[in-house]
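The values are calculated or read from the model by the stated rules, or taken from the named source; none is laboratory data. In this text the structure is predicted, and so the values were computed from the model without any measurement. Here Cβ is always computed from backbone atoms with ideal geometry, including for glycine, and neighbour counts include all displayed protein chains. Keep in mind that these areas ignore ligands, DNA and RNA; they rest on the heavy atoms of the full protein, side chains included. Shrake-Rupley method; radii C 1.70, N 1.55, O 1.52, S 1.80 Å.
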Amino acid sequence: MSEGLALDGLSVPLRVLRLLAIDFPHLAAPSVDVSPLYPEVLRLSLHESSCDSFAAFESWRRALGIEPAAVDFHTQSDGRTAVLNGCGVYGGADIELTAFAALPADDTALAGAGGAQ
């Protein structure tokens, strides 16, 4: 744990967040997480009850320059939630981009394609 970390210790991801707000104001607003436990990481997550969050994820993935091959798909919550996760570097910060979408109860084909549940 990074006890005693001053706010300046989070300057890299906070500067990148500011840069993203200026460069991509038209993109969907994600949930944002910056933590003194991982002071170089900016986490962006998109939560929707439908797969609309996946469309927003794709827009963010392209904007951040995360390669499609760096994106992982899996399900969680017994296959009821689909998850996309991609990592990259932007403006000097490690970026973790995640999207969550509820799957219909009868959508077993998509849920089974994702691997880990």
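Solvent-accessible area of VAL12, all protein chains in place: 40 Å² (probe radius 1.4 Å, heavy atoms, ligands and nucleic acids excluded).
Full-extension gain between ILE22 and ARG62, please, as 0.36 nm times their residue separation minus the C-alpha to C-alpha distance.
12.8 nm
Beyond 20 Å, what share of the Cα-Cα pairs of the stretch 1-89 remains, rounded to the nearest whole percent? Across the stretch 1-89, Cα pairs with separations above 20 Å total 42 percent.
Each Lys or Arg adds one and each Asp or Glu subtracts one; over the other residues with Cβ under 13 Å from the Cβ of ASP23, this totals +3.
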